[in-house]
Amino acid sequence: MLLASRLAEGAGCLLVIVSCPALITRLAGERDRPAALSIWGTFVPVGIGLSTLTGGPLAALAGWRGWAGAVAAVTLALTVLVWLIIPARAEAATRLALPRPRALVRPALLATAFCVISLLTLSVIVLLPTCLGAAHQVAPVDSGLLTSVISLLSVAGGVAVGMALHRGVRLRPLAVLGLITVPAAWVAFADGGGLWTALAGSGLISLGNGLLVAVVFAGLPATLERLEHADVGNGIVAQLGSLGSLPDLRLCRGARSSPGRVRRDLRSSQR
């Protein structure tokens, strides 16, 4: 039953992450569209941060079934709310428009970049609780709290991009700022570094991740031949982003086996 419900949940998640950016693209005006899409890009760190922050206490109070039921109830309530507030003109505009293969080259390149971003930055989030416990002797409850705070820093990066785009800042300089994640990774996982050094580096990586994800979603309409292709373009971006997260989850699962494995994985990530 758990596997079957997870399969249904995955299908629903795919429908949402493909259709919502397409709806935002159609509903937002040309001036507000990049900012709106960049804010949409914060949904992953918001979900991770809130679930990490509140999931533990609620699960301890009501059990994992109660926590899962609460999430399902919130999802159902938001589904009804969105169904009521989406204007009819947006539904009428959602006609399938298949682009030519050549028209998908630029969105595919952007999606490939998104895959690499996920590969590099999500590894920090999934490995951080284990790293804090093994390398810095942080209690599991405290490591979960710290990880949730660091994950929410991505939201600050996405919102900052949205505000900058609304003020007329171009996308390219904002994308270059994302390079901060490279030196921050060395700071976060440097041998001999202290707890605050690791947290500072991880925070910079999370902030850069939010910035880069916002740039990807905000820049997607510019790569499309027509706005009607937003559904297909968002589908490519979403799938390659998910593909980039798979190695991180595998690494996290293996790292839980021993503290020594954590250090070897961190050194491998540095190389």
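Descriptive notes on the structure:
- Annotation: of all residues in region 64-88 being of a type outside the set (A, V, I, L, M) and more than 22 Å from S143 (Cβ to Cβ), the one that is modelled with the lowest pLDDT is P87.
- Taking each residue of region 1-28 that is within 21 Å of F217 (Cα to Cα) and in contact (Cβ under 8 Å) with a residue 60 or more places away in the chain and looking for partners that are in a helix (DSSP H, G or I) and among the acidic types (D, E) with beta-carbon atoms closer than 6 Å, six or more apart or interchain, yields A22/D231.
- Region 94-141 - residue that is of a type in the set (S, T, Y) and either closer than 13 Å to A188 by Cα or surrounded by 18 or more Cβ atoms within 10 Å (Cβ to Cβ) (or both) and, of those, modelled with the highest pLDDT: S118
- Filter pass, L212 being closer than 20 Å to I17 by Cβ, in contact with a helix residue (DSSP H, G or I) (Cβ under 7 Å, 6 or more places away or on another chain) and surrounded by fewer than 17 Cβ atoms within 10 Å (Cβ to Cβ): no
- Residue match in region 135-142 (condition: charged (D, E, K, R) and in contact with a Leu (Cβ under 9 Å, 6 or more places away or on another chain)): yes
- Single unsatisfied condition, S38 versus (1) modelled with pLDDT of 85 or more; (2) over 19 Å from L212 (Cβ atoms): (2)
- Tally of residues being part of a helix (DSSP H, G or I) and over 18 Å from the mean Cα position of the chain (by Cα) across region 147-181: 8
The values are calculated or read from the model by the stated rules, or taken from the named source; none is laboratory data. All values derive from a computational prediction rather than experimental measurement. Glycine gets a Cβ as well: all are built from the backbone with ideal geometry, and neighbour counts include every protein chain shown.
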